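Trainee: Supplied in structure tokens, the structure appears directly below.
The values are calculated or read from the model by the stated rules, or taken from the named source; none is laboratory data. Please read these numbers as outputs of a predicted model, since none were measured by experiment. Here the Cβ positions follow ideal geometry from the backbone for every residue, glycine too, while neighbour counts run over all protein chains shown.
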Amino acid sequence: MFLRRAFICALTALVGARAPGLRLPRQTETDGLQNMVTWDEYSLFINGTRVNIFSGEVHPFRMPVQSLHLDVFQKVKSMGFNAVSAYFHWGMHEPKRGEISFEGFRDLQPFFDAAMKAGIYIIARPGPYINAEVTGGGLPGWGQHTAGLWRTSNASFIDASAGYMKAIGTQLAANQITNGGPVILVQVENEYSGYQPPYTEDFAYESELKSLLRESGVTVPLTVNDAWPGGHFTDIDIYGYDSYPNGFNCSFPDDWLSGAVDSTEYFWGAHLQYSPQSPNAVFEFQGGSLDAWGGAGYENCAQLTGPAFERVFYKNEFAMSTTMLNLYMVFGGTNWGGIAHPGVYTSYDYGAAIAEDRTLREKYYELKLQANFRAVSPAFLTSRPINIFNTQSSFTGNQALKTTQVLDAVGNKTGFYVVRQLDASIDAVQTYTLTVPTSIGTLTIPILGGNLALNGKDSKIHVVDYEAGQSTLLYSTGEILTWATIDERDVVLVYGNSGELHETAFKFSSAPPAATVISGTGKIKTQVLSNNSLALQYTTTGQTVVEIGNNTLLYILDRESAYQFWVLHLPSAGAFAQFDTANPIVIKGGYLIRSVASTGNTLAFTGDLNSTHPVSFEIIAPGAFTSATLNGVKLSLAKTKYGTLTAQKTAVLPTVTLPDLSTLQWKTADSLPEIQPQYSDALWTVANHTTTINALAPLTPVVLYAGDYGFHTGNILWRAHFTATGAEEGFAVHMQGGAAFGYSVWLDATFIGSWEGDPNFADFNGTHAFPGGGLRKASTHVLTIVQDHMGNEEDWWAAGNDFQTPRGVLDYHFIGSNSTSVTIWKVAGNLGGEDYVDTTRGPLNEGGLFGERQGWHLPGFNDAAWARGAPTQGIAHAGVAFYRTTFNLNVPQGVDYPLAIALTKSMTPSNFRAQIYVNGYSFGKYVNNIGPQSVFPVPQGILNYNGLNTLAISLWANDAGGARIDSLALKLTAQIESSMGAVENQPLTVWTSRPGAF
Ligand SMILES: *[C@@H]1O[C@H](CO)[C@@H](O)[C@H](O)[C@H]1NC(C)=O
């Protein structure tokens, strides 16, 4: 009842705010199923209150350690975001048709629970298709042998996907905000925007998916993410789209497309055309970049999409009143096991604000400035861009600049002016003045003389008639970080680049009070304007605090200083306590401040420190709080002249001793016994299908597509038995495994060649000569092929079935002998195929190498009988070797010390691949001749930080001369004193005998 009333009150408030001549706000829209999450043409409402949605993408399956979700969510929350958008992976949950699992790391409940604990709303994106750079775009492996037009209303596809959609729908429904959970929106399909001709947008498919979700109890609004604002799938509650304006070429991270900003200006018109009744929503905006095999590496991607990119492009979205903005990714995680599609490698760091090892990049701190501004600017939530396509030189007179005027169309007071370069690629400094209408008439700013400057790739949001508590900022060119009313005093934080000239003017109801610098070395110039306004001119350098009368405190900050501020909120009571934004506490200092709570007169902060130098804190809080703790330790407080609290603390960063992987005792065994004469492949799957649903008609007498036999990940092995005519000179084979794949071929025990792989080749035609002298007539032989499976292709074109692009042998023949035929083909992949063995680590963890089928990668496997040998010694011939070692870790509590396995590229050109297993989890696929990844982060919880660990490595040498790993080390990627919750190890289940293993 109460909720209903709150909802009606909000409506009344809206109508009450209507000003004559303004367009009447539409009645708040609902989906008719609930009143908790509603929307209108401007913004989303939760519980009757308008909310700005600034969210970041996080994928539960790319972080298998359930107890680390909270750490990531808290980091997202502390950045000033309020939501996370998440894909769910059908193939991971339904690896065998009809057997749907939410076991182990696939249990979604810890993900939702952590979101609740952190105060993060969830925008759920269950598919069935997700794209996401995952194998098959999320479609399950068994889709390789399931007929139908995938991503259409074709009955066989609806039938195939209905089980998963209902199962995931039920999970989402149980965790909806209406049921006390964090889920506020559910996206249907993903990027359903391209259709394989002759097929077109399938409206029956769209409505079928909506029904499946509704039937499973999903009542929150349904959303759509079009691949661009193209008007597909618009029959939905809230339509939105993708935008990646800076592209994905991380090799030239400082080269921006000149039209990257300008070319997005049509988004606003598209929004009005396709979804005028709902907010302008971008459900995926570039937050980083993927990187392909052989790519430039994620540090480059982070630079391509770094703080300058964030300033220009996220403010450009602000300029189009994008009140729902989701960044893809905010934390990318890891493509461990076989998660990746062929276009990406093990790391899915994405150059995101939060790196793969969960450390914070500078990008994070820049985002924090923008997110906090959005969070305290309700006028933005009812705004409209006014001068779309008429932005060049507007308000500045500078032809090189574009400025969008964004006005609050409901409050009819506040204006935002978003200034940036017209040509996004330009680094030149532009000077300008801003001539804008204000409540006291048109002003040209700066008023006290001088010019404003835009320093190359930058963008600014200047505000006019902006409310900050009881204070009104007549204008501010210094950008607003946040404001808070604390003890009836409005504290306003503004910032600019170091040394920039800015002005902020306040409006008073009577003669303006004096403005005095009370702290810091900055100088201010003031001028009283008409209508009791007071303008302050200053340069942003360090931190200067200005007192303006008794009721206003202005913090003037340069960007570096601004980065250090955190805006937290005291939680209220009840299940949604962490979502409360009523009682702000502002604190400066620390690498990360996660939360604040209060007991009596004590503020209890939790946070992380990474510096061995003393960190200075400043706390802006109600005077009633006279004591404070950080991570439970009392801070020794002093009080500033203007009433804030200061303290210092130094991080405690204990040293830990890490094992030296080069001196550990390693054991080794041959993982390619298949080429030995005595080897029997009796237990292998016979590849004897003569038909396939695959659109690619086989050129071979029997189908040699691994997916047709239930093998969808990791290494695939093939065996071809034949009787020689005596004329054979060699074997020609056309293999396909996805971009950057490789293969090696043996005739009996003799190595006859490899394809070492190339990121530009998904398939390869190789010819491999038989050893000199040829084969004896009527002799019997077996060819053994080891191939890599780089993941299934995505399925971007609906009805195109690209994801069924086969992995395996596309064609073969014997050179010199057309009449030789293979008597039997056999195939091996992960043990059990779709009946995979390791339900703890899931269907994509193991491939088909002998060692993997036997479970050699698992803790507890008895390798006593193995020889001594290390991967740094390697093997002297083509083949596959397995290595195992164990070591102990003893990392104390209270720190976050992320670890990685670091390899170095072999000095001598050498073609080989290695897989890294940590406690049985496949956490790295290294390709020496392709790269780029050589450092593989492994999260705590996969690594046992307080006990025994098993490290196993497979080494597949493609060259006759063999291969070795040049060096191998366990290294810390950061050292942080941390308040993150205790990390529980994922089940590190040990080896047990594997019935039927061969
Ligand atoms: C809705 O508002 C009421 C009253 O403030 C509050 O008790 C409740 O927790 C809110 N619910 C949600 C989901 O935010």
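Trainee: Just to check your reading of the model, which residue among M980, M907 is at pLDDT below 95 and of a type outside the set (F, W, Y)?
Mentor: M907
Quick grid of which residues meet (1) more than 16 Å from the ligand (Cβ to nearest atom); (2) free of Cβ contacts under 8 Å to residues at least 24 places away in the same chain; (3) of a type in the set (S, T, N, Q):
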| site | (1), (2), (3) |
| --- | --- |
| G574 | no, yes, no |
| I593 | yes, no, no |
| H613 | yes, no, no |
| F617 | yes, no, no |
| P622 | yes, no, no |
| L630 | yes, no, no |
| L635 | yes, yes, no |
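Trainee: Could you grab me the full set of residues in the stretch 27-82 that are within 16 Å of the ligand (Cβ to nearest atom) and in a strand (DSSP E or B)?
Mentor: Passing the criteria: V37, T38, W39, L44, F45, I46, T49, R50, V51, I53.
Trainee: Can you name every residue in the stretch 164-197 that is away from the ligand (no atom under 16 Å from the Cβ) and assigned to a loop (DSSP other than H, G, I, E, B)?
Mentor: Answer for the stretch 164-197, where residues must be away from the ligand (no atom under 16 Å from the Cβ) and assigned to a loop (DSSP other than H, G, I, E, B): V188, E189, N190, E191, Y192, S193, G194, Q196, P197.
Trainee: Still on this structure, I have one more. Within the group S636, S611, which residue is in a loop (DSSP other than H, G, I, E, B), at negative phi and modelled with pLDDT under 95?
Mentor: It is S611.
Trainee: Taking F565 as the residue in question, decide whether it is within 16 Å of the ligand (Cβ to nearest atom) and closer than 26 Å to E366 by Cα.
Mentor: So F565 fails the test.
Trainee: Looking at I716, is it at pLDDT 95 or above, among the β-branched types (V, I, T) and in contact with a helix residue (DSSP H, G or I) (Cβ under 8 Å, 6 or more places away or on another chain)?
Mentor: Yes.
Trainee: Still on this structure: Could you list, in sequence order, the residues of the stretch 483-524 that are aromatic (F, W, Y) and either surrounded by fewer than 19 Cβ atoms within 10 Å (Cβ to Cβ) or part of a loop (DSSP other than H, G, I, E, B) (or both)?
Mentor: F508
Trainee: For A695, work out the one condition from (1) in a loop (DSSP other than H, G, I, E, B); (2) under 26 Å from L955 (Cβ atoms) it doesn't fulfil.
Mentor: (2)
Trainee: Is there a residue in the stretch 398-411 that is out of contact with any helix residue (DSSP H, G or I) (no Cβ under 6 Å at 6 or more places or on another chain), among the acidic types (D, E) and either in a loop (DSSP other than H, G, I, E, B) or touching a residue at least 24 places away in the same chain (Cβ under 8 Å) (or both)?
Mentor: No, the stretch 398-411 contains no residue that is out of contact with any helix residue (DSSP H, G or I) (no Cβ under 6 Å at 6 or more places or on another chain), among the acidic types (D, E) and either in a loop (DSSP other than H, G, I, E, B) or touching a residue at least 24 places away in the same chain (Cβ under 8 Å) (or both).
Trainee: Something else now. What residue, of T541, T599, is over 16 Å from A505 (Cα atoms), out of contact with any strand residue (DSSP E or B) (no Cβ under 7 Å at 6 or more places or on another chain) and more than 16 Å from the ligand (Cβ to nearest atom)?
Mentor: Exactly one of T541, T599 is over 16 Å from A505 (Cα atoms), out of contact with any strand residue (DSSP E or B) (no Cβ under 7 Å at 6 or more places or on another chain) and more than 16 Å from the ligand (Cβ to nearest atom), namely T599.
Trainee: Next question, about the same structure. Restricting attention to the stretch 656-692, which residues are of a type in the set (D, E) and either closer than 17 Å to N888 by Cα or assigned to a loop (DSSP other than H, G, I, E, B) (or both)?
Mentor: Listed by number, the residues that qualify are D660, D681.
Trainee: Right, another one. In the set Y328, Y417, Y365, which member is in contact with a helix residue (DSSP H, G or I) (Cβ under 6 Å, 6 or more places away or on another chain) and of a type in the set (F, W, Y)?
Mentor: So the residue among Y328, Y417, Y365 that is in contact with a helix residue (DSSP H, G or I) (Cβ under 6 Å, 6 or more places away or on another chain) and of a type in the set (F, W, Y) is Y365.
Trainee: If the requirement is being modelled with pLDDT of 95 or more and either acidic (D, E) or crowded, with 24+ Cβ neighbours inside 10 Å (or both), which of these qualifies: A375, A353?
Mentor: Only one candidate qualifies: A353.
Trainee: Going residue by residue through the stretch 204-214, is there one that turns out to be farther than 23 Å from F112 by Cβ, of a type outside the set (G, A, S), modelled with pLDDT of 95 or more and in contact with a Ser or Thr (Cβ under 6 Å, 6 or more places away or on another chain)?
Mentor: yes
Trainee: Which ones in the stretch 293-310 are among the charged types (D, E, K, R) and either under 20 Å from D357 (Cα atoms) or surrounded by 24 or more Cβ atoms within 10 Å (Cβ to Cβ) (or both)?
Mentor: Across the stretch 293-310, the qualifying residue is only E299.
Trainee: Next up: Restricting to the stretch 426-449, name every residue that is in a loop (DSSP other than H, G, I, E, B) and under 11 Å from T477 (Cβ atoms).
Mentor: Within the stretch 426-449, T433, P446, I447 meet the criteria.
Trainee: For the stretch 858-868, enumerate the residues that are in contact with a strand residue (DSSP E or B) (Cβ under 6 Å, 6 or more places away or on another chain) and more than 25 Å from A749 (Cα to Cα).
Mentor: Answer for the stretch 858-868, where residues must be in contact with a strand residue (DSSP E or B) (Cβ under 6 Å, 6 or more places away or on another chain) and more than 25 Å from A749 (Cα to Cα): just P859.
Trainee: Has the stretch 338-348 got any residue that is touching a Ser or Thr at 6+ places or on another chain (Cβ under 7 Å) and more than 30 Å from N929 (Cα to Cα)?
Mentor: Checked the stretch 338-348: no residue is touching a Ser or Thr at 6+ places or on another chain (Cβ under 7 Å) and more than 30 Å from N929 (Cα to Cα).
Trainee: So, one more: From the list T723, T713, which residue is under 30 Å from Y926 (Cβ atoms) and of a type outside the set (K, R)?
Mentor: From the options T723, T713, the qualifying one is T713.
Trainee: More than 14 Å from the chain's Cα centre (by Cα), over 30 Å from N497 (Cβ atoms) and of a type in the set (S, T, Y): is that true of Y345 in this structure?
Mentor: yes
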